[in-house]
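Student: Before I ask anything, here is the structure I am working with.
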Amino acid sequence: MIQGVEAFQRELRRLRDALAGAPEMAMERLATTVEQVLMLLATYAAEYPAKPGDSSYRRTGTLGRLWTQGRPRIVMSGHVLDARIENATPYGPYVQDPERQARMHRGLWQTTDDVVEQHAREIDPLLASAGYEIVEGIANAV
């Protein structure tokens, strides 16, 4: 018989038990941060470009208002987190969707991809901080 096997097995069980809640804790922490990031991005997506001087169109502000009133939708399934925030205006995709943006809005209105790219330096530290907190939480559990 190998000496110390029982102690080693007890330690393995302790580690297993300590780590049992880690995936759930990690997903919850990540979901909280992603929700904050989506709300921040929605604020930036709500910004309107300067109105063209030759335009007679009267802006209603609905597109921007619906970004800031939107609520993130976060679905956790196993080890996958699906998070999004959407704008409820039916014309929103023709104004800000990178693939569906109407020609008349190109170069004038920012797309949702533009918003993410322009604010990556602000978002990355938030996500990194959540990652560090997750790792720290797991390390403290063991």
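The values are calculated or read from the model by the stated rules, or taken from the named source; none is laboratory data. Model, not experiment: these values are computed from the prediction. Cβ sites come from the backbone with ideal geometry, for glycine too, and all protein chains shown count toward neighbours.
Student: Need pairs with beta-carbon distance below 6 Å; first residue modelled with pLDDT of 75 or more and within segment 13-35, second among the hydrophobic types (A, V, I, L, M, F, W, C) and part of a helix (DSSP H, G or I); sequence gap 6+ or separate chains.
Tutor: Matching pairs, first to second residue: 22/138; 26/134; 29/130; 29/134; 30/130; 33/126; 33/130.
Student: Turning to a different aspect of this structure: Which of the numbered conditions does residue 121 fail, given that it passes all the others? Conditions: (1) in contact (Cβ under 8 Å) with a residue 24 or more places away in the chain; (2) loosely packed, with under 15 Cβ neighbours inside 10 Å; (3) not hydroxyl-bearing (Ser, Thr, Tyr).
Tutor: (1)
Student: Looking only at segment 68-89, decide whether some residue is in a helix (DSSP H, G or I) and modelled with pLDDT of 90 or more.
Tutor: Narrowing segment 68-89 to residues in a helix (DSSP H, G or I): 68-69.
Checking which are modelled with pLDDT of 90 or more leaves us with 68-69.
Yes, segment 68-89 contains a residue that is in a helix (DSSP H, G or I) and modelled with pLDDT of 90 or more.
Student: Hey, another quick one. Aliphatic (A, V, I, L, M) and buried (at least 16 other Cβ atoms within 10 Å of the Cβ), is that true of residue 80? I'd like the intermediate steps shown before the answer.
Tutor: Values: aliphatic (A, V, I, L, M): yes; buried (at least 16 other Cβ atoms within 10 Å of the Cβ): no.
It is false that residue 80 is aliphatic (A, V, I, L, M) and buried (at least 16 other Cβ atoms within 10 Å of the Cβ).
Student: Yes or no: segment 95-107 includes at least one residue that is surrounded by 15 or more Cβ atoms within 10 Å (Cβ to Cβ), part of a helix (DSSP H, G or I) and modelled with pLDDT of 95 or more. Walk me through how you get there before you give the answer.
Tutor: Start the filter on segment 95-107 by keeping residues that are surrounded by 15 or more Cβ atoms within 10 Å (Cβ to Cβ), which leaves 95-97, 101, 105.
Within this subset, residues satisfying the condition of being part of a helix (DSSP H, G or I) are 95-96, 105.
This time we only want the ones that are modelled with pLDDT of 95 or more, so: 95-96.
Yes, segment 95-107 contains at least one residue that is surrounded by 15 or more Cβ atoms within 10 Å (Cβ to Cβ), part of a helix (DSSP H, G or I) and modelled with pLDDT of 95 or more.
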